[in-house]
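Notes follow the structure.
Quick note: the coordinates plus some simple rules give every number you see, no bench work behind them. This structure is a prediction, so every number in the text was calculated from the model and none was measured. For neighbour counting, all protein chains shown are included, and Cβ atoms are generated from backbone atoms with ideal geometry for every residue, glycine included.
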Amino acid sequence: MPRRAAAKSSPAGAETVSIDAAPSAEAASLAVAAAVPSNTLLEGDCLQSLAGLPDSCAHLAFADPPFNIGYDYDTYDDRRSADDYLAWSKRWMGEIVRVLRPDGTFWLAIGDEYAAELKVLATRELGLTCRSWVVWYYTFGVNCRQKFSRSHAHIFQFVRDPSTFTFNTEAIRVPSARELVYGDRRADPKGRLPDDTWILRPQDLPEGFGGDEDTWYFPRVCGTFKERSGWHGCQMPEQLLGRIIRASSNPDDLVIDPFSGSGTTLAVASKLGRRYLGCELSPQYAARIRERLASARPGDPLDGAPEPLKSVPATQNGRRIGDRRSAKKKGKRTGKAAETLLFPTDQP
Ligand SMILES: C[S@@+](CC[C@H](N)C(=O)[O-])C[C@H]1O[C@@H](n2cnc3c(N)ncnc32)[C@H](O)[C@@H]1O
């Protein structure tokens, strides 16, 4: 359901032209849009780059800042005191709030170390509303020996106004387990929205992660993957950004990423027909981002598997599409009574 639709719609045939009238909200927003460089990468400190932008110009901001865990970037020093990191976070997040339109959305990716503090900062100090606290579960994380290997990051969906924001549910629906695994005719053919559920591995659960759940499964872009650009260790999967950008913006909207890294947000925005504006501190990364963007055109497919959960195991109680097909071949009954057996009460 697109939540922003009401703000833009006008009654058919009601268009009037008034010469001396004050500029309409639409005209004012066009003027703001014209003042913003779009499809651009700004090299340098995002605090300075964002300061040059007008208020309320961006529909969507996605930020995957350094997590302050001592990661080895080529320019940025990722080892600050906690107080310094939090003060800096408040400054750049404040700028993001300023440049967001009143109906805009801010998605923030962050590690365990500062997730709680940054959420409190965003909501209590900067006045945003948290709509979703998504857990991104990824495979191919760094293997640990003295603790459980980390396989998740936090991704917050914040909005400025909880009553008006873009949320295109139709654009991000995913096939349900009913449809994908069990071939249940009762499945909604439009699929379902992606839960905040703890799970071990997607292949351990019959339905894995649903598209409407706030635990999302996308493999990390690991070293051997074709998608991996190979020069930035924090490259995010295009499919993950695809879900965020499709859900929280519309074609031609302006998408901002203050920490562009390998340029994933910008490349995906471009492929999905959004305008983009990125910042990146490192001149070396910036040069590589420009190369990546040169080959990302509107309409191009996103890298990576669009639906990583196509293969899931059978459950103890249920049969899968393959079982149904072989049953049919053998002339077995596949009517309603048989379906009752296929879908015990614990089905989603
Ligand atoms: C975690 S990475 C982002 C990765 C990105 N999401 C991707 O998919 O490639 C963070 C990036 O922020 C950049 N950075 C750090 N401080 C910055 C600043 N003050 N302004 C702009 N970029 C900065 C780093 O150089 C690094 O490339």
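List of remarks:
- Sorted by Cβ density within 10 Å, fewest first, the residues SER81, SER282: SER81, SER282
- In this simple spin-label approximation, ARG131 and ALA28 carry label points 7 Å from Cα along the Cα→Cβ vector, and these lie 2.2 nm apart.
- 5 angstrom amide H check on THR105, placed H, neighbours 5+ away: LEU60, ALA61
- Taking θ as phi - 60° and the Karplus parameters 6.51, -1.76 and 1.60, the scalar couplings of segment 92-98 work out to 6, 5, x, 5, 4, 4, 4 Hz in sequence order, x denoting glycine and proline.
- By the count of other C-beta atoms within 10 Å, a proxy for reagent exposure, HIS152, HIS232 are ordered fewest to most as HIS152, HIS232.
- The HN-Hα couplings worked out from phi for segment 70-85 by the Karplus form 6.51 cos²θ - 1.76 cosθ + 1.60 (θ = phi - 60°) are x, 5, 8, 8, 7, 10, 6, 8, 8, 9, 10, 5, 4, 4, 5, 4 Hz, whole numbers, x standing for Gly and Pro.
- Among THR105, THR265, THR75, sorting on how many other beta-carbon atoms sit within 10 Å of each Cβ, with the fewest leading, yields THR75, THR105, THR265.
- For segment 162-171, 3J(HN,Hα) computed residue by residue from phi via the Karplus equation (6.51, -1.76, 1.60; θ = phi - 60°) reads x, 9, 9, 7, 8, 8, 8, 5, 5, 7 Hz, glycine and proline entered as x.
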